[in-house]
Amino acid sequence: MRRREYVTAVGSSVGVLATTGVGTAQTASLERVYPADSETAVRPGDRIGFEVVATPGVDSPAADWRVDGSDRGAIAPNAPFWSYTSITGNPAAYGRFDESGTHDVSVTVGGTTVSWTVEVTPHAPAAPNADVTCDPGPDATITVRDEVDVTASAADGSGRLNRLFWQEGRNATYVDRTDLSGSTATTTYTTTGGNAIWFIGGYPMIAWVACRDGRLTAARTDGPAVDAFRNVAITGTNAPVRAGEDLLVEAEVDPEGSSTYHGFVNVETDLIVGHNPTHVDSKTVEVFTGDTETVQLEFTTATVRNTQTFPVRAETRDDVSETDVTVIGTEDDGSQGHLEVTGLETDAPVTGGERLEVTATLSNTGDGPADREVELVVGHDPTTVDTQAVIVDAGETTTVSLGYETYPVENDDEFPVYVQTGDDTASQTVLVHGRSGDGNGGSGQATFAVSITGTTAPVNGGQWLSVSAAVENVGDGDGTHDIELVVGRTPEVVDGTSVSLSPGETQTVSLGYETYPVNNDDVFPVVVRSPHASDTRTVTVYGTG
């Protein structure tokens, strides 16, 4: 009978997962992780794994794996742990021996060698057991914003559990690692549908369980179907209208997800009106993921005698946007105020814990008095923080001051503020400086503006994409801040650098990452951002298929 022996090296440089500090063969020391001892045993046909800690860390090609002194042509940086060594710097390998016998397995890095004697015998301990489940499960459908929990349970009759490795099934890349011990263990990996690109593409997630003596096993699970999130935002109405006239509501819809897998998405938008919500209209449009489409919804208002103000909502299956509208009653004289926000100023930037003042200029463009409650709304998760009642005659203009005490944040925070009258809304982005100092020198504040100056796009999938940007300190103090490169429709930070600038000083930075080897052409945004500003470009990565 022909004897089959093979060992597959684990690890290579893959995409954005590669980290700094992992180099070539300059290793000063190697320390066994598993098998922890120099001698071990495994049953014929069972997997066995090997891992060493390299100081400093290395990349996969620097590790020379051998079985009985020969590479046998089967030692290569293949899946399943394709990117493990590139991320951790630890040389690792796995394989199996089909027949009983004794073998020497060794790894050499930079002139340092660690070896194991492996006895292949049916009397060795059995392989560990592993089971993986996903919540929500494979029969469920979620959106890219929903959370996913993948749970692995491991058991070893010899009580030698050591490590669990998570692998995503799309690119066979390493995702995360958990240390184990004892006879049983349970661990959960939590992510979102948008970050679990492998589930979006219909690929599984795999858990690999290694014991202290090298025995190795794997289990996998499929995940839920992951749908795009259908955003909606009302952008305007023709209110106020007279009773019996048509009320028009315009809204923007944009599906959020993976342009590669979701592509064109059908977005159905419903118009719901009234304090007793009533469905009055619906429109369906096909929108490419990441793009925006405007829909117009309408209904004929009831012939009411008195003027009424009520809410209208635009709804998709995932999102809701609401505003108030006014219908002028038939018994009213037709005079109706309409209060527009024609000017908006703030005293930003302020330091966390200080009061932020917002001044709005309001103009009544209607033909009657406007009696309104003006609101100051702040944040990405909008919250009303101040209100003021005003009465403005037709054709008149007034100014209101609103404000609130900001939260004493430790780090700089940038967010929108809105002034709403019921007829109109205006917004502005403000900056609240953190109280931790941010490493700024002097009494001023450092504010970093960002401008992308170029990219190497288009590139082929799997190639390096570089983005250059100019960073300028437009503030009045010295400062040091992180500059990040963020890519994709589901934003992911893939590179970053720290920049120190004096007031008025400019520095050019170059950031980049290794793109995914996509099968089809992919168009997506890249963003270079500081804590205070950002700049965006759209790039193309050509498919390899």
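The values are calculated or read from the model by the stated rules, or taken from the named source; none is laboratory data. Remember, predicted model here, so these are calculated numbers, not experimental data. Every residue, glycine as well, gets a Cβ built from its backbone with ideal geometry; the counts of neighbours run over all protein chains shown. Ligands, DNA and RNA are excluded from the accessible area calculation, which covers all protein heavy atoms including side chains. Shrake-Rupley method; radii C 1.70, N 1.55, O 1.52, S 1.80 Å.
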The correct count of residues that are in a strand (DSSP E or B) and under 18 Å from PRO204 (Cα atoms) in the range 118-140 is 6
Can you name the residue in the range 254-278 that is buried (at least 16 other Cβ atoms within 10 Å of the Cβ) and over 25 Å from the mean Cα position of the chain (by Cα) and, of all such residues, is nearest to ILE142 (Cα to Cα)? THR269
Here the qualifying pairs (Cβ atoms under 6 Å; residues six or more apart or on different chains; first in the range 272-296 and in contact (Cβ under 8 Å) with a residue 60 or more places away in the chain; second crowded, with 17+ Cβ neighbours inside 10 Å and among the hydroxyl-bearing types (Ser, Thr, Tyr)) come out as THR289/SER259; GLY290/SER259
Residue hits (the range 161-191; under 30 Å from ARG145 (Cβ atoms) and touching a residue at least 60 places away in the same chain (Cβ under 8 Å)) are PHE165, GLN167, ASN171, ALA172, THR173, TYR174, ARG177
Output the residues belonging to the range 193-224 that are of a type outside the set (A, V, I, L, M, F, W, C), surrounded by fewer than 24 Cβ atoms within 10 Å (Cβ to Cβ) and in a strand (DSSP E or B). THR217, ARG220, THR221
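Can you find even one residue in the range 314-329 that is of a type in the set (D, E, K, R), surrounded by 18 or more Cβ atoms within 10 Å (Cβ to Cβ) and not in a strand (DSSP E or B)? Give the derivation first.
First, the residues of the range 314-329 that are of a type in the set (D, E, K, R): 315, 317-319, 322, 324.
Keeping just the survivors that are surrounded by 18 or more Cβ atoms within 10 Å (Cβ to Cβ) gives 315, 318-319.
Retained after the next criterion (residues that are not in a strand (DSSP E or B)): 318-319.
Yes, the range 314-329 contains a residue that is of a type in the set (D, E, K, R), surrounded by 18 or more Cβ atoms within 10 Å (Cβ to Cβ) and not in a strand (DSSP E or B).
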Taking the range 491-545 as the region of interest, how many residues are open to solvent by 40 Å² or more (accessible area, probe 1.4 Å), part of a loop (DSSP other than H, G, I, E, B), farther than 15 Å from ALA470 by Cα and out of contact with any Phe, Trp or Tyr (no Cβ under 6 Å at 6 or more places or on another chain)? 7
Return only the number of the condition from (1) part of a strand (DSSP E or B); (2) open to solvent by less than 20 Å² (accessible area, probe 1.4 Å); (3) of a type in the set (Gly, Ala, Ser); (4) over 16 Å from VAL325 (Cα atoms) that ALA185 does not satisfy. (2)
Can you pull out the residues in the range 143-166 that are open to solvent by 10 Å² or more (accessible area, probe 1.4 Å) and assigned to a strand (DSSP E or B)? THR143, GLU147, ASP149, THR151, SER153, ALA155, ARG160, ASN162, ARG163
Is there a residue in the range 242-251 that is among the small types (Gly, Ala, Ser), more than 24 Å from VAL312 (Cα to Cα) and either open to solvent by 20 Å² or more (accessible area, probe 1.4 Å) or out of contact with any Cys (no Cβ under 8 Å at 6 or more places or on another chain) (or both)? no
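On the given criteria, is VAL105 crowded, with 20+ Cβ neighbours inside 10 Å and closer than 20 Å to VAL53 by Cβ? Can you show your working first?
Details: crowded, with 20+ Cβ neighbours inside 10 Å: yes; closer than 20 Å to VAL53 by Cβ: yes.
Yes; evaluated as a whole, the condition is true for this residue.
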